[in-house]
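The values are calculated or read from the model by the stated rules, or taken from the named source; none is laboratory data. On a predicted model such as this, the values are computed, not experimentally measured, just so you know. Reconstructed Cβ throughout: ideal geometry from the backbone, glycine too, with neighbour counts over all protein chains shown. For the accessible areas, the whole protein counts, side chains as well, though only heavy atoms, and no ligand, DNA or RNA atoms are used. Shrake-Rupley method; radii C 1.70, N 1.55, O 1.52, S 1.80 Å.
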Amino acid sequence: MAQRPSPAPIPSAPPEPAPATLPPRVLSQGIVAASYLLVAAVLMLVMWRGLLPGLLCVCLGFLLTRALTGWFAQGLGRIRSQSAPYDTHLRVAQVTAAGLVMLLPLVLLATGLTHSRGYLVNAPQQYQELLTYMARTVLELRLKLPADVAAHLPEGVADIQRIIANYLGAKAGALAMAGRAWLAGVLFAYVGLLIGALAAVRPPVLARGPLAQQLKLRITLFGEAFRQIVAAQFWIAAFNTLLTALFLLFVLPLWDLRLPYTPVLITFTFVAGLVPIVGNLVCNVVITIVGLSVSPLAASACLGFLILIHKAEYVINAKVVGRRTQMGVWELLSVMFVAEAVFGPAGLVAAPLFYAYLKKELVAARLV
């Protein structure tokens with residue numbers, strides 16, 4: 001019996017090509033570039049949307065919580081019992097430090113509002129006394145100036161009050177926007193403080209992807225730059241406090257002018273001076289207002305001191321910060337001028353920090 005021929009084999013489909021994979025070196029470079037772009041985008045978003053107070057307070061809350069945790073853990077380590085492990089004491093120290101950082105601003109705010117209640121009650125009387133003082137000063141000017149110039153000055157308290165009311169009415173929108181911006185800045189700052197404190201006590205995460213590792217490296221360098229800026233700002237605040245003390249205690253008395261609450265003003269100068277640029281301006285504005293309560297000459301002297309310190313702050317800040325962060329004075333001054341021109345006062349505050357971080361990244365990449 002003849003055998004039947006076997007059927008021809010069906011040709012199999014060609015195998016699908018394996019998906020192309022990037023070389024590990026190219027993939028690693030792409031991840032590093034993505035981390036740089038993400039950090040740059042976040043920093044630009046912070047400047048664009050006015051979130052700089054929040055960013056600074058995130059860093060400040062993180063560093064304060066870590067520092068307090070170390071101090072509390074060291075203190076608990078001396079008194080801990082053998083039954084309690086070290087991890088328990090460390091966790092207690094972390095929770096205590098984070099709670100202190102988060103609650104201290106609220107306590108200070110409540111204390112300030114409590115002590116300012118008497119001032120708010122007496123505000124109408126003080127306003128009337130200020131109007132009377134201004135009217136008396138204007139009347140003295142009207143008697144001393146030529147008649148054609150004196151005709152443009154107000155004649156009494158009613159005219160001064162009407163001018164102030166008209167000005168405030170014309171600027172009501174701008175004042176409301178400024179008040180809303182300050183309130184938003186304070187809110188962002190406190191939320192940033194909470195975020196920094198919570199981030200400092202988070203449990204450690206062992207498994208991280210390559211992008212997360214690169215982002216952690218970027219954040220670490222940014223934190224180092226912030227720590228150096230804070231250390232430099234401490235010395236700047238001390239220097240500004242010294243100048244203010246010399247001005248209030250020695251320069252003004254030479255002109256037979258003495259401001260009230262001088263010790264409080266000197267202490268406030270140091271505390272506010274810890275905030276770059278803006279803190280110095282705020283404390284000098286307060287000194288100018290207090291000087292106005294003494295005499296126009298004292299207010300003018302304080303205003304001149306404000307302008308002088310503001311301009312000197314460029315050189316002082318660039319010198320001290322440049323020495324701490326290994327940056328030249330000329331390059332930091334250039335960055336501060338450009339940043340203020342682009343972003344305003346916020347750019348002046350952010351310029352030393354952002355440039356210090358950029359310099360650290362360039363040094364780490366061995367590009368400079």
| field | Alpha-carbon Debye profile of the range 177-317, log10 I(q)/I(0) at 0.10, 0.12, 0.16, 0.22 Å⁻¹ | value | -0.49, -0.64, -0.93, -1.32
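Accessible area per residue for the range 244-308 in Å², computed with a 1.4 Å probe and the full protein assembly in place, what is it?
Details: 3340 Å² over 65 residues.
Heavy-atom accessible area per residue stands at 51 Å².
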| note | Counting Lys and Arg as +1 and Asp and Glu as -1 over every other residue whose Cβ sits under 11 Å from the Cβ of L367, the net charge comes to +1
| query | Using a basic spin-label model with each label point 7 Å from the Cα along Cα→Cβ, how many nm lie between R49 and L254? | reply | 5.1
